[in-house]
Amino acid sequence: MALTFAAATMACQPVHARSAIDTIVTNSPESASGGAAPGAPGKLECVPYARTVSGIALYGDAYTWWSQAQGHYKRGHVPRVGAVMAIEPHGNSPLGHVATISQVVDSRTVLLDHANWSYPGKIETGVTALDVSPNNDWSEVRIWYGPSQTLGTTHWPVAGFIYREAGKEKAPAPRTAGTTPRNDPIGAIIADAL
């Protein structure tokens, strides 16, 4: 009787991930690639990794990318391979997060390449992000979290996707006007590793 009650209770639980992504979710842990680039000082952050992988020349904290892209890069709410998903500050992530779309699996599932998410300073490739927004508009996602070996439970707010194509204005210079260019050793290390 207890087993039947437990099975019935579990059957009534809301389903947060569809069976269509079970294979992807199962395979996600193997895709973690280990860590920061060899010789990199400190730990690898999401911003220089996303900038190098996507080719989108934006700088500054992740939460600023969405507004910085306006007028320089096309933005939207549909995931595309090579686009950067701009995640807004939320919970224990006060600076937001950026991740590059490596594959669009279906209308509610993508694979991400990103750094400094599940493990400090490490790169993860081909990890699952699932659209859990009430209107199916990619405004909220759940993202694979390595330590739990499943999709995380947090619904992360997404500002949208930044595409490689120039927007109404030409693509921005690598630096904000009035600043002098600075050396980007982490970007160079990532570029050499790719």
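The values are calculated or read from the model by the stated rules, or taken from the named source; none is laboratory data. This structure is a prediction, so every number in the text was calculated from the model and none was measured. Cβ atoms come from the backbone with ideal geometry, glycine included; neighbour counts cover every protein chain shown. Accessible surface areas use protein heavy atoms only, side chains included; no ligands, DNA or RNA. Shrake-Rupley method; radii C 1.70, N 1.55, O 1.52, S 1.80 Å.
Just give me the residues in the stretch 28-51 being crowded, with 16+ Cβ neighbours inside 10 Å, among the small types (G, A, S) and modelled with pLDDT under 95, in sequence order. Passing the criteria: S28, S31, A32, A36, A37, A40. Remark: R175 matches the filter, which requires a residue to be among the basic types (K, R), open to solvent by less than 90 Å² (accessible area, probe 1.4 Å) and either at pLDDT below 80 or out of contact with any Asp or Glu (no Cβ under 9 Å at 6 or more places or on another chain) (or both).
Residue selection: S107 fails the criterion of being more than 18 Å from C46 (Cβ to Cβ), more than 12 Å from the chain's Cα centre (by Cα) and either basic (K, R) or open to solvent by less than 30 Å² (accessible area, probe 1.4 Å) (or both). If only residues of the stretch 150-168 that are assigned to a loop (DSSP other than H, G, I, E, B) and either closer than 19 Å to G91 by Cβ or among the acidic types (D, E) (or both) are counted, the one that is most open to solvent (accessible area, probe 1.4 Å) is T153. The number of residues in the stretch 52-92 that are open to solvent by less than 30 Å² (accessible area, probe 1.4 Å) and touching a residue at least 40 places away in the same chain (Cβ under 8 Å) comes to 16. The condition (being surrounded by fewer than 16 Cβ atoms within 10 Å (Cβ to Cβ), outside any loop (DSSP other than H, G, I, E, B) and not aliphatic (A, V, I, L, M)) is satisfied by just one residue among P147, P134, P120: P147.
Among residues of the stretch 93-115 that are farther than 16 Å from E140 by Cβ, those with a Cβ under 6 angstrom from a residue that is assigned to a strand (DSSP E or B) and open to solvent by 40 Å² or more (accessible area, probe 1.4 Å), sequence gap 6+ or separate chain, pair up as L111/S102; L111/Q103; D113/S102; D113/T125.
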